[in-house]
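The structure appears right after this line, and notes come after that.
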Amino acid sequence: MGHQDINRSGEMEVFVSVVERGGFSAAAAVRRMTPSAVSKLVARLEARLGVRLVNRSTRRLQLTPEGCAFYERSIAILADIAEAERQASSGEEAAGRIRINTSGSFGNHVLAPLLPAFMALHPAVTLDIAHTDKVIDLMEERADVAIRAGPLKSSSLIARKLGATGKIIVASPEYLRRHGEPRTLADLRRHCRIGFSYARAIEGWPMRESGETVTIPITPGIQVGDGEAMRHLALSGAGLARLAAFTVRADIEAGRLVPVLEEANPGDLEEFYALYMGQGGPLPARVRALLDFLASHVRL
């Protein structure tokens, strides 16, 4: 029998049962083996180790000094194995690092306010959060969860819906004082519009006109790589921006931004998902805890 064929932990479990039950027959009953099979297993173990582990007699079993030492080490090793399995199993307590990749807008306006409550529930968890609007490879970025808007494109990922948000065209009061407020879709052409520098599922702004939804092509006066940068540009008076409602709700309430052309808002919704790798096995408890928490607490 080669080294790779030896079930060392299995041997240790049987040997520990022999010691703790006080004999081969009692250990056999616990391990669901025959007394002969237990005796032969211990004999093979002794032969491989080159030492006698137990002294056999008709009345009782007695450990040799080598047997005592092997028993103590076996107990420790089996406990380590059980702990490793417990930590890796789906039933473990949520613990360890969770790597989250999300957009700056979602991270700042939705995720950040929720994290204190999550950390209070799971104090053994640590978080590593990266902000980017770009689509990422979870394996390459070593992310446990990515939070993204829009439809799922990769079949290797599993999506859990977190909610949906409307979109609003906004501008700062200062911008509107300087340039006037657009009243019609045609007015948009003379305004500076802030757009994204990466490809979107819909290039342009969906708008409602004469009872129908039309897409207004937008040639941005300014292009940026993320929604939070777009929000800050709008706040500074750089131009008009069409943003997720949750990112500008507080700004509108405070008067820092003003909705424009709301009568032409088609009411389209942008859905947000938590994406994670789906490989058929159970999720780590830390990841499952985060997904469950977000699904029940995110409000867009």
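Charges on Cβ only, +1 for Lys and Arg, -1 for Asp and Glu, centred on the Cα centroid of the chain; of ALA250, ALA159, ALA79, which one is farthest towards the dipole's positive end?
After comparing all options, I get ALA79.
Where does the charge balance sit around ALA26 when Lys and Arg score +1, Asp and Glu -1, over other residues with C-beta under 13 Å from its C-beta?
Overall, the nearby charge balance is +3.
Can you tell me the dipole magnitude for region 8-89 around its Cα centre, using point charges on the Cβ only (Lys, Arg +1; Asp, Glu -1), in Debye to the nearest 20?
Here region 8-89 has a charge dipole of around 460 debye.
Where only protein heavy atoms count, and the probe is 1.4 Å, what is the accessible area per residue for the chain in Å²? If you can, show how the numbers build up before the last one.
Details: 16440 Å² over 300 residues.
With all protein chains present, the chain gives 55 Å² per residue.
If you wrap a convex hull around the C-alpha atoms of the chain and split its volume per residue, what is the figure in Å³?
Dividing the Cα hull volume of the chain by its residues yields 179 Å³.
Using the crude model of +1 on Lys and Arg Cβ and -1 on Asp and Glu Cβ, and no other charge, please compute the dipole size for the chain relative to its Cα centre, in debye to 20.
Values: 37 positive and 34 negative charges, 175 e Å.
So the magnitude is around 840 debye.
I'd like to compare 37-44, 74-81, 229-236: which one has the highest average count of other Cβ atoms within 10 Å, and what's the full order after that?
Values: 37-44: 17.2, 74-81: 13.0, 229-236: 20.0.
Per-residue Cβ counts within 10 Å, averaged per peptide and sorted highest first, yield 229-236, 37-44, 74-81.
Tell me, rounded to the nearest percent, the portion of alpha carbon pairs in region 8-89 spaced more than 21 Å apart.
The share of Cα pairs beyond 21 Å in region 8-89 comes to 26 percent.
Just to be sure I understand: of the beta bridges DSSP finds with both ends in the chain, what percent are antiparallel, rounded to 5?
The answer is about 65 percent antiparallel.
Averaging sequence separations of C-alpha pairs under 8 Å and six or more residues apart, then dividing by the length of the chain, give the relative contact order as a whole percent.
The normalised contact order for the chain reaches 23 percent.
Using mean Cβ contacts within 10 Å as the protection proxy, how do 256-266, 283-293 order, highest first?
283-293, 256-266
If I compute solvent accessible area with a 1.4 Å probe over the protein chains, what percent of it on region 8-89 is carbon and sulfur?
Details: 2670 of 5120 Å².
Here it works out to 52 percent.
Calculate what fraction, in whole %, of the accessible area of region 141-300 sits on carbon and sulfur atoms when a 1.4 Å probe is rolled over the protein chains. Numbers along the way, then the final one.
Values: 3990 of 7960 Å².
Here carbon and sulfur together make up 50 percent of the probe-accessible area.
Sort 104-111, 128-135, 21-28 by packing, meaning the average of other beta carbons within 10 Å per residue, with the highest value first.
Ranking, from highest mean packing down: 104-111, 21-28, 128-135.
Can you compute log10 of I(q)/I(0) for region 156-253 with the Debye formula, treating each Cα as one identical point scatterer, at q = 0.16, 0.20 Å⁻¹?
Relative scattering, expressed as log10 I(q)/I(0), comes to -0.73, -1.10.
Could you compute the net charge surrounding ALA244? Neighbours are other residues with a C-beta less than 10 Å from the C-beta of ALA244; K and R count +1, D and E count -1.
Residues close to ALA244 contribute a combined charge of +3.
For region 198-265, with equal point scatterers placed on the C-alpha atoms only and solvent neglected, what are the log10 I(q)/I(0) values from the Debye formula at q = 0.22, 0.24 1/Å, to two decimals?
These q points yield log10 I(q)/I(0) values of -1.11, -1.25.
The values are calculated or read from the model by the stated rules, or taken from the named source; none is laboratory data. It should be emphasised that the depicted structure is a prediction, and the values quoted were computed from it without experimental measurement. FYI the Cβ positions are ideal-geometry reconstructions off the backbone, even for glycines, and counts take in every protein chain you see. What goes into the accessible areas is simple: the full protein's heavy atoms, side chains included, and nothing from ligands, DNA or RNA. Shrake-Rupley method; radii C 1.70, N 1.55, O 1.52, S 1.80 Å.
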